[in-house]
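**Q** Encoded as structure tokens, here's the structure I'll be asking about.
The values are calculated or read from the model by the stated rules, or taken from the named source; none is laboratory data. These numbers come from a predicted model, not from an experiment. Quick reminder, even Gly has a Cβ in these numbers, built from the backbone with ideal geometry, and neighbours come from all protein chains shown. When the accessible area is computed, the model is the full protein with side chains, heavy atoms only, and any ligands, DNA or RNA have been set aside. Shrake-Rupley method; radii C 1.70, N 1.55, O 1.52, S 1.80 Å.
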Amino acid sequence: MSPGSPAFGVLVELVFVLVALGMAVKLLLLNFWRAVLFLFPASVRVQPEAPAGQMALPAGLTPLADRLRTLGFVPLGSHVEQPRFQKGTSSYDFAHPGAHTFATLHFGPDGKPRLYLLTPLAPEGFVLTAGYRRPGFELPGRYRSGGVAEASVERLLQIHQERLQGLVPTEDFSWEGRLGAGRAWYRGAGQREIRRQNLQGLLWTVVALAIVAGLFLGGGRSV
């Protein structure tokens with residue numbers, strides 16, 4: 001088969017199509033679930049996993065859990081958050097009713113321990129303060145979120161309390177209240193943040209679908 005022959009041209013085109021198709025499939029596998037999350041943030045399931053007495057806290061989260069207990073937080077239980085087409089992520093919940101604050105431990109995408117503090121507001125809204133890098137966002141009187149990287153647990157709680165000033169927290173800091181708060185966050189105040197975090201996934205999904213459409217619907221090549 002010589003480089004100038006029609007058969008060689010067909011082979012080159014076939015290789016090109018297969019490589020492009022492989023790239024498109026890889027992009028879809030990596031990003032389709034993020035596109036769905038962008039379009040339907042309320043589709044994330046927040047389900048109970050284990051009550052406090054049966055909560056199996058991973059060893060990597062124990063130091064943070066010990067600091068929370070020292071500050072007066074009590075364990076509530078664990079729950080799972082599961083976007084469509086993804087394996088669920090376990091989170092481990094604590095509460096400090098006197099400070100009107102939930103604390104949640106989990107592992108980030110990089111496998112490192114993470115902590116965030118959450119206070120539901122009355123009649124609706126949240127204050128969320130993360131102990132890791134997180135873009136700030138605010139809706140006056142209804143929602144405040146942001147992150148403080150490398151802050152100690154004590155400092156994070158202090159910052160969270162300061163950010164609560166002028167706002168009215170709810171009074172339900174039970175495990176059921178924590179599960180309800182998680183579901184409400186995905187249905188309402190958290191949707192703008194979710195869409196901002198997953199916009200890139202939507203764009204890559206569109207690119208992948210455009211590649212597939214171009215391969216199968218572009219047609220018309222003569223050989």
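**Q** Applying 1/(1 + (r/R0)^6) with R0 = 22 Å to the Cβ-Cβ distance of M23 and L217, what FRET efficiency is obtained, to the nearest 0.05?
**A** It comes out at approximately 0.80.
**Q** In nm, give the distance between the simple-model label positions of L14 and L39, each being 7 Å from the Cα along the Cα-to-Cβ direction.
**A** 3.4 nm
**Q** How far is helix 175-187 tilted, in degrees, relative to the longest principal axis of the Cα atoms in the chain, given as a value from 0 to 90 rounded to the nearest 10?
**A** 40 degrees
**Q** Cβ under 13 Å from G72's Cβ, G72 left aside: what net charge do those residues give with Lys, Arg +1 and Asp, Glu -1? Before the final figure, lay out the partial values.
**A** Values: positive: R67, R69; negative: D66, E154.
Within the 13 Å Cβ shell, the charges total 0.
**Q** Local charge sum around G125 (other residues, Cβ-Cβ under 10 Å, Lys/Arg +1, Asp/Glu -1)?
**A** Neighbour charge sum, excluding G125 itself: +1.
**Q** Put +1 on the Cβ of every Lys and Arg and -1 on every Asp and Glu Cβ in the chain; which of L29, L139, S78 then has its Cα farthest towards the positive end of the dipole?
**A** Of L29, L139, S78, it is L29.
**Q** Moving to a separate point now. Pop out the carbon and sulfur fraction of the accessible area of the chain as a percent, whole number, probe 1.4 Å.
**A** C and S fraction of accessible area: 62 percent.
**Q** Once you put a point 7 Å from the Cα of F107 and another 7 Å from the Cα of L203, both along the Cβ direction, what distance in nm separates them?
**A** For F107 paired with L203, the spin-label model returns 3.0 nm.
**Q** Peptides 76-85, 113-122: what's the order by average Cβ count within 10 Å, highest mean first?
**A** Peptide ranking by packing, descending: 113-122, 76-85.
**Q** Could you compute the FRET efficiency for Q161 and R133, with r as their C-beta to C-beta distance and R0 at 25 Å, rounded to 0.05? Could you put the intermediate results ahead of the total?
**A** Values: r = 21 Å, r/R0 = 0.83.
According to the calculation, E is roughly 0.75.
**Q** Right, another one. How big is the gap, in Å, between the Cα center of region 8-79 and the Cα center of region 186-203?
**A** A separation of 14 Å, based on Cα centres.
**Q** Follow-up question, since we're still on this one. Across every pair of different alpha-carbon atoms, what Kirkwood hydrodynamic radius in Å does the chain reach? Can you show the working numbers first?
**A** Numbers: mean 1/r = 0.0501 Å⁻¹.
Evaluated over the chain, this radius sits at 20.0 Å.
**Q** Please list 17-24, 29-36 highest first by mean number of surrounding beta-carbon atoms within 10 Å per residue. Display every interim value, and only then the final one.
**A** Working: 17-24: 13.0, 29-36: 18.0.
Those peptides, ordered most packed to least, come out 29-36, 17-24.
**Q** In nm, to one decimal, how far is the modelled label at V74 from the one at Q54, with both set 7 Å along Cα→Cβ?
**A** Those two pseudo-labels are separated by 2.0 nm.
**Q** Here's a follow-up. Please give the per residue accessible area of region 39-90, computed with a probe of 1.4 Å over protein heavy atoms only, in Å².
**A** 55 Å²
**Q** Give the distance, in whole Å, between the Cα centre of region 148-168 and the Cα centre of region 95-122.
**A** 11 Å
**Q** Report, to the nearest 10°, how far helix 153-163 tilts away from the longest principal axis of the Cα atoms in the chain, using its own Cα long axis and a range of 0 to 90°.
**A** Here the helix axis deviates by roughly 90 degrees.
**Q** In what sequence, highest mean first, do 180-186, 158-164 appear when ranked by Cβ atoms within 10 angstrom?
**A** Per-residue mean Cβ counts within 10 Å order the peptides as 180-186, 158-164.
**Q** Taking the Cα centre as origin and putting +1 on Lys and Arg beta-carbons and -1 on Asp and Glu beta-carbons, what dipole magnitude results for the chain, to the nearest 20 debye?
**A** That gives a dipole near 440 debye.
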